[in-house]
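> So that we are looking at the same thing, I have put the structure below in C-alpha cells.
The values are calculated or read from the model by the stated rules, or taken from the named source; none is laboratory data. For clarity, every value in this text was computed on a predicted model and none was experimentally measured. We place every Cβ from the backbone using ideal geometry, glycine too, and count neighbours over all the protein chains shown. When the accessible area is computed, the model is the full protein with side chains, heavy atoms only, and any ligands, DNA or RNA have been set aside. Shrake-Rupley method; radii C 1.70, N 1.55, O 1.52, S 1.80 Å.
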Amino acid sequence: MTQRMYLTCALGAILLIGTGALLSSHAAAGPANRGFKPFPDASGEVQTLSVGGALNQQGPFFQAQGTNGRSCVTCHSNRTAWALAPWEVQQRYLQSAGTDPLFRPVDGATCPNDDFSTPGARLSAYRLVLSKGLIRIGLPVPANADFSITAVDTPCSCADTQNVSVYRRPLPATNLRFLTTVMWDGRESPAGNTLNDSLRSQAFDAIMGHEQAATAPSNAVLDSIVAFERSLYTAQVLDHAAGRLEAEGARGGPEPLMQQPFFIGINNLDAQGQPGTPDVFDLYRAWNHSNQPDRQSVARGEAIFNTRPITISGVAGLNDALGLPVILGTCSTCHNTPNVGDHSVPGPLNIGTAAASERTPDLPLFTVQCKDGSTVQTTDLGRALISGRCSDIGKFKGPILRALAARAPYFHNGSAASLNDVLAFYNRRFNLNLSQQETADLVAFLNTL
Ligand code: HEC
Ligand code: HEC
C-alpha cells in the first residue's frame, strides 16, 4: 500500500511537469486586468475572472486565521477551480515531506487519533486526501433524529455512531452567485438565510474547524473573505481539441458566465407542476454549424445533456416530492440552472452515490435503523445528519457543473475518478445505455464547462 502510494505521488509530479510546459505557451491569453492567469487542466485550460478586479491575493482568504497554518487556499486553490485535486495534494505531500498545513490530523487524516508515528503510518493516515482529495467531516447525529446508527463498518479509526465521520470533496469556492444551498448537505443554508448569511457562517465555521482557530474571526475578516470569493467566476477557456471556447460564436469561459442571469427557482416547476425548460445549456449551439469535428462533438454533447431521455425513478427528493414514481427526464431535469447546471432549488436529492452497492472499500459503511422499522446502509447519511430524518439519508445537492475538467474526482465522495466514470455511474443507476458516441460527445461537452 505504502509503495503504491509513493508511485502515485511520483506520477502526479511527472504529470505536473508535463502540464507546466503547456501553461507558459498560453499564459498571455485571456483578459489581462481582472483575470487570474489560466491554468492547465485535464483537457485544456481553466481561468478565473474577478468582478471588480479584486485580484488581491494577500487578503484573509489567503492568510492563516487559526492555529494550524491553514488558510482557505489550503483546500480551495486557483489552479484547481478553487477546489482540491489529488495530484496537487500528492505533489504537496512530496514537496513538504508531509508537513504542508493540509496534512493536519483534525480533518486531513482519516481520523484525528490515527497513528502518525512513522512516515508509513502518516502516509496511511492521509490516504483519503492523497488518493481522492477527501476531507473528514465530523457531524453529530441530531438529537431529534428519527433514526440511530447501529453499526459502522470502517477501515478508518473514527467509528463513532453519535459523532459521525464522513469523507467529502471540497466544493469550489467560486461561481457562488449561482448557489441555491451551501455545502453538499446544505447545512450552512438554513431557511431564511441570504446567500451572504450562509457564506459568512460557512467562513466562520471553516476558520474555527478546518483552521482550528482559538478565537472567533472578526467581522472584517469574514466580510473580506466573502467579498473575495463572491467576486470569482471560473470556467474552462481552452479545449485542446475544440480550441478557444468563445470561438465561432460559442459562449464558453468565465466572461459570459458573469453575465448569466440567475435567481433561486429560475428554471423550476411552474405553478401547474410542469417542469421548466430542459434546454438548460446553450453555450455551444453555434458549433452545430462548425466545420470542425471536435466542435460538432461538443455541440452534440450539449444537446444530449438537454434532450437525451432518462427514466428517473427511485430518486428521493424528486420522485416522491412530485408524487411521480417515474419521470421521463434528462440530465437537465436535476441540473437545471441555465448554463451553470446546479439544481435551481435547494431540495437535496438521493441519486444513489452513497448507496451500499456503490461503496468502495476505503469508505465507511453505516447501518442505520429507522424508527419506521426499515434499515438502510449508506457510506454517507448526507442531509439526514442535518435534518435528522431517515427519508433524507443519502441526499446531496445537485452541484454546479462548471470548470469540471480542473477538479476530478467527482461526486461528494470522489467515487468517480473521471467524467467517463460519472457517466458509467449514470448508466448503471438509470439503465441509460449511452452509446460510445453519446458518451464521447457528453464528455467532450462537460470538459468545456
Ligand atoms: C481542510 C480543507 C478546507 C479548508 C481549509 C477550507 N475548506 Fe471550504 N470546504 C471544504 C470541504 C471538504 C467542503 C465541503 C464540505 C461539505 O459539504 O460537507 C468545503 C466547502 C466550502 C464551500 C461551499 C461551496 C458550495 O458549493 O456549497 C465554501 C464557500 C468554502 N468551502 C469556502 C471556504 C473558505 C472561505 C475557507 C477559509 C475560511 C475554507 N473554505 C477553508 C474544505 C476546506
Ligand atoms: C435525478 C437527478 C439527476 C440527474 C438526472 C442527473 N444528475 Fe448529475 N448530479 C445529481 C446530484 C444530486 C449530484 C451530486 C451527487 C453526489 O455528489 O453524491 C450530481 C452530480 C453530478 C456530477 C458531479 C459534479 C461534481 O462536482 O462532483 C456530474 C459531472 C453530473 N452530475 C453530470 C450529470 C450528467 C451528465 C447527467 C445526465 C447523464 C446527470 N448528471 C443527471 C443529480 C442528477
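> Could you identify the single residue in 431, 413 that is out of contact with any Pro (no Cβ under 8 Å at 6 or more places or on another chain), touching a residue at least 60 places away in the same chain (Cβ under 8 Å), on the phi > 0 side of the Ramachandran plot and not acidic (Asp, Glu)?
Values: 413 fails: on the phi > 0 side of the Ramachandran plot.
After applying the criteria, what remains is 431.
> Taking only region 403-449 into account, find how many residues are in a loop (DSSP other than H, G, I, E, B), open to solvent by 10 Å² or more (accessible area, probe 1.4 Å) and more than 16 Å from ligand 1 (Cβ to nearest atom).
Just the residues of region 403-449 that are in a loop (DSSP other than H, G, I, E, B), to begin with: 403, 407-409, 411-415, 417-418, 431-435, 448-449.
Cutting the leftovers down to open to solvent by 10 Å² or more (accessible area, probe 1.4 Å) gives us 407-409, 411, 415, 417-418, 431-435.
Next, only the ones that are more than 16 Å from ligand 1 (Cβ to nearest atom) stay: 417-418, 431-435.
Qualifying residue count for the region: 7.
> Could you grab me the full set of residues in region 110-134 that are crowded, with 16+ Cβ neighbours inside 10 Å and either out of contact with any Leu (no Cβ under 8 Å at 6 or more places or on another chain) or more than 20 Å from residue 97 (Cα to Cα) (or both)? Don't jump to the end; show me each part of the working.
Quick first cut of region 110-134, residues crowded, with 16+ Cβ neighbours inside 10 Å only: 110-112, 114, 116, 122-134.
Passing the criteria: 111, 112, 114, 116, 122, 124, 125, 126, 127, 131, 132.
> Is it true that some residue in region 166-183 is farther than 16 Å from residue 202 by Cα, in contact with a strand residue (DSSP E or B) (Cβ under 9 Å, 6 or more places away or on another chain) and either more than 15 Å from ligand 1 (Cβ to nearest atom) or at pLDDT 95 or above (or both)?
There is at least one residue in region 166-183 that is farther than 16 Å from residue 202 by Cα, in contact with a strand residue (DSSP E or B) (Cβ under 9 Å, 6 or more places away or on another chain) and either more than 15 Å from ligand 1 (Cβ to nearest atom) or at pLDDT 95 or above (or both).
> What number of residues within region 337-365 are within 16 Å of ligand 1 (Cβ to nearest atom), over 15 Å from residue 429 (Cβ atoms) and crowded, with 20+ Cβ neighbours inside 10 Å?
9
> While we're looking at this one, here's another question. Considering each residue of region 57-78, count those that are more than 10 Å from ligand 1 (Cβ to nearest atom) and in contact with an Asp or Glu (Cβ under 7 Å, 6 or more places away or on another chain), and give that number.
Number satisfying all stated conditions: 1.
> Name the strands (runs of 3 or more DSSP E) wholly inside region 85-203 in which the number of residues that are within 21 Å of the chain's Cα centre (by Cα) is 1 or more. Steps first, please.
Working: elements: 135-140, 147-153, 163-168.
Per the criteria, 135-140, 163-168.
> Filtering region 410-419 down to residues that are within 22 Å of residue 298 (Cβ to Cβ) and in contact with a helix residue (DSSP H, G or I) (Cβ under 6 Å, 6 or more places away or on another chain), which residue is nearest to ligand 2 (Cβ to nearest atom)?
Here the residue is 410.
> Six or more apart or on different chains, Cβ atoms under 6 Å: show the pairs whose first residue is in region 58-76 and within 14 Å of residue 204 (Cβ to Cβ) and in contact (Cβ under 8 Å) with a residue 40 or more places away in the chain and whose second is open to solvent by less than 20 Å² (accessible area, probe 1.4 Å) and more than 9 Å from ligand 1 (Cβ to nearest atom).
65/213; 66/213
> Hey, among 162, 212, 202, which residue is away from ligand 2 (no atom under 16 Å from the Cβ), closer than 25 Å to residue 129 by Cα, of a type in the set (S, T, N, Q) and in contact with a Pro (Cβ under 7 Å, 6 or more places away or on another chain)?
On the way: 212 fails: in contact with a Pro (Cβ under 7 Å, 6 or more places away or on another chain); 202 fails: in contact with a Pro (Cβ under 7 Å, 6 or more places away or on another chain).
Matching residue, one of 162, 212, 202: 162.
> Is region 372-392 home to any residue that is among the hydrophobic types (A, V, I, L, M, F, W, C), in a strand (DSSP E or B), more than 18 Å from the chain's Cα centre (by Cα) and surrounded by fewer than 23 Cβ atoms within 10 Å (Cβ to Cβ)?
Yes, some residue in region 372-392 is among the hydrophobic types (A, V, I, L, M, F, W, C), in a strand (DSSP E or B), more than 18 Å from the chain's Cα centre (by Cα) and surrounded by fewer than 23 Cβ atoms within 10 Å (Cβ to Cβ).
> Only one of 44, 35 is open to solvent by less than 50 Å² (accessible area, probe 1.4 Å) and modelled with pLDDT of 95 or more; which? It would help to see each step written out before you state the result.
Details: 35 fails: modelled with pLDDT of 95 or more.
The unique qualifying residue is 44.
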